[in-house]
Amino acid sequence: MKILVTGGAGFIGSNFIHYLLDRHPDYDVVNLDKLTYAGNLENLQSVSGNSHYSFIKGDIADADLVRGIMDRGMDAIINFAAESHVDRSILEPASFIRTNVLGTQVLLDVARERHLPRFVQISTDEVYGSLGPTGRFTEDTCLCPNSPYSASKASADMIALAYHRTFDLPVLVTRTSNNYGPYQFPEKLLPLVITNLMEDRQVPLYGDGMNVRDWIFVKDNAEAIDLVLHKGKEGEVYNIGAGCESTNLSLIQGVLDVMKKPDSLITYVKDRPGHDRRYAIDPSKIRNILGWSPRTMLQDGLRKTIDWYTKNTDWWKRIKSGEYLKYYEKNYTPKGL
Ligand code: NAD
Ligand code: TYD
């Protein structure tokens, strides 16, 4: 197969490319990435010499560029490209609408023009909104996004599914819970906590720390996406989650324990506006129909992740000393850190 991966220089996209090239060494992978602040070619250094891998710097919203790539005869697009951080979407929503909504629409239009055999739209559980203390999201849960980020992702999902119903485009959608693991940009909770603790800095916990997220190790998500690509049914949505719910406070306490750091490094800061209280994925469909199950549970995955950030200090120190500092100040100084 020839696969166009968009956003492959980001966290999940780069982990997916590593997974794909390992699992299917004869596949050709083209990575189209704009290299925003979140895109990092260092994530792909070890495959940069692989003759089955190539990189193109560019924007998914550039229709001519996408057409040119499609003319190489692609069998599938897997669309990871996105603005992905909720806090940034609160500070500056416009780029989220541009890339996540309009960029996806451009990819869908070119896919339609070129009769692409497979289009996998990578989405998030955040499109379902916030849960109370019980229940889990199924694929039939109504969409009720609360942040500019999740609203932009929900829009893209709905447009993609509409292209299936209206034009018969072979679209599949995955909705995954919070991923963690190697190469995650240190603006997201876990890498932010791990790297701050490595420098004995305070870790910012929003609100009362009792918001719940459902955590999945990124490699398990890559395996699930690969399965959806090959065996999923067109027009269907697949929820992907590992059943690892945790409050943010207990997650951070778990990291403090492994890293042998004191609780006094936690600082409660002003809550995120519109902060969703709880996410939890019901993965029964992908388990029962495609036979997927996660391999890595939270305790083990946390250790692997902490270990990776410990061994790759150059990777995250370069990020944290650059442009990132400006964002950190803008997001955290008004919150009290
Ligand atoms: P990320 O922010 O780490 O990476 C996004 C990548 O997309 C970057 O390499 C960036 O340069 C690229 N990009 C941004 N705009 C682009 C554009 N216009 N054209 C081409 N490339 C562009 O994000 P991530 O955490 O790897 O998330 C990947 C996908 O998975 C996103 O669609 C996100 O919504 C979804 N998702 C993420 C999570 C999570 O926990 N991280 C959970 C569920 C779903
Ligand atoms: P995040 O990693 O931003 O993912 P998402 O908002 O997409 O779930 O945040 C995960 C949880 O951690 C979320 O409830 C917000 C919280 N959080 C903090 O408490 N402090 C922080 O500095 C960050 C970035 C997140």
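Rule-based calculations on the coordinates, nothing more; no lab input. Small disclaimer: the values here were computed from a predicted structure and weren't measured. Heads up, the Cβs are rebuilt from the backbone with ideal geometry, glycines too, and the neighbour counts pull from every protein chain shown.
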Next item on the list: Bin all alpha-carbon pair distances of the range 1-120 at 10 Å intervals from 0 and give each bin's fraction as a whole percent.
Entry: 14, 48, 32, 7, 0
Notebook entry, point to check: Tell me, what HN-Hα J-couplings in whole Hz come from the Karplus equation 6.51 cos²θ - 1.76 cosθ + 1.60 at θ = phi - 60° for each residue of the range 320-337, using x for Gly and Pro?
Noted result: 6, 9, x, 3, 3, 4, 5, 4, 4, 5, 5, 7, 9, 5, x, 8, x, 10
Next item on the list: Give me the distance in nm between label points sitting 7 Å out from Cα along the Cα-to-Cβ direction at D109 and D168, one decimal.
Entry: 2.2 nm
Next item on the list: Treating cross-link reach as a plain straight distance, find the lysines whose alpha-carbon is under 19 Å from the alpha-carbon of K260, omitting any fewer than eight places away in the same chain.
Entry: K304, K311
Margin query: For the chain, what does the helix formula give at 222 nm: sum of -39500 (n - 2.57) over DSSP H segments with n ≥ 4, over the residue count, nearest 500 deg cm²/dmol?
Written below: -11500 deg cm²/dmol
Check: Amide H neighbours of T267 under 5 Å, counting only residues 5+ apart in sequence or on other chains, H built in-plane at 1.01 Å?
Finding: V203, L205
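Quick one: order T134, T104 by neighbouring beta-carbon count within 10 Å, fewest to most.
T134, T104
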Notebook entry, point to check: Percent antiparallel among DSSP beta bridges with both residues in the chain, to the nearest 5?
Noted result: 10 percent
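Quick one: Cα convex hull volume of the range 127-267, Å³ per residue?
Details: hull volume 17.8 nm³, N = 141.
Hull volume normalised by residue count: 126 Å³.
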Item checked: Range of Cα positions in the chain per principal axis (Å), largest first -> 57, 44, 37
Notebook entry, point to check: Leaving out same-chain residues fewer than 8 places away, which lysines sit with a Cα under 21 Å from that of K34?
Noted result: K2, K57, K153, K188, K320, K326
Check: If you plug each phi of the range 244-253 into the Karplus form 6.51 cos²θ - 1.76 cosθ + 1.60 with θ = phi - 60°, what whole-Hz ³J(HN,Hα) values come out, in order, with x for Gly and Pro?
Finding: 10, 7, 7, 6, 4, 4, 6, 4, 5, 4
Margin query: Please compute the Kirkwood hydrodynamic radius over the range 144-225, one decimal place, Å, based on all pairs of different Cα atoms.
Written below: 15.5 Å
Notebook entry, point to check: Based on the Cα atoms of the range 178-337, what semi-axes does the equivalent ellipsoid have, where each is the square root of 5 times one gyration tensor eigenvalue, given in whole Å with the largest first?
Noted result: 30, 18, 16
Check: Along the range 66-83, what does the Karplus equation 6.51 cos²θ - 1.76 cosθ + 1.60 (θ = phi - 60°) give for ³J(HN,Hα), rounded to whole Hz, x for Gly and Pro?
Finding: 5, 4, x, 5, 5, 5, 6, x, 7, 9, 7, 10, 10, 9, 8, 4, 5, 7
Notebook entry, point to check: Non-local amide H neighbours of W215 (under 5 Å, H modeled in plane, Pro and chain starts lacking H): which ones?
Noted result: C244, E245, S246
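What does the highest-first list of 138-150, 317-329 look like by mean Cβ count within 10 Å? Working shown, then result.
Values: 138-150: 17.5, 317-329: 13.2.
Answer by packing, highest mean first, reads 138-150, 317-329.
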Item checked: Bins of 10 Å, starting at 0 and running to the largest distance - Cα pair percent for the range 30-98 -> 16, 45, 30, 8, 0
Next item on the list: With 10 Å bins from zero, work out the P(r) of the range 70-119 over every alpha carbon pair and list the percent per bin.
Entry: 25, 42, 23, 10
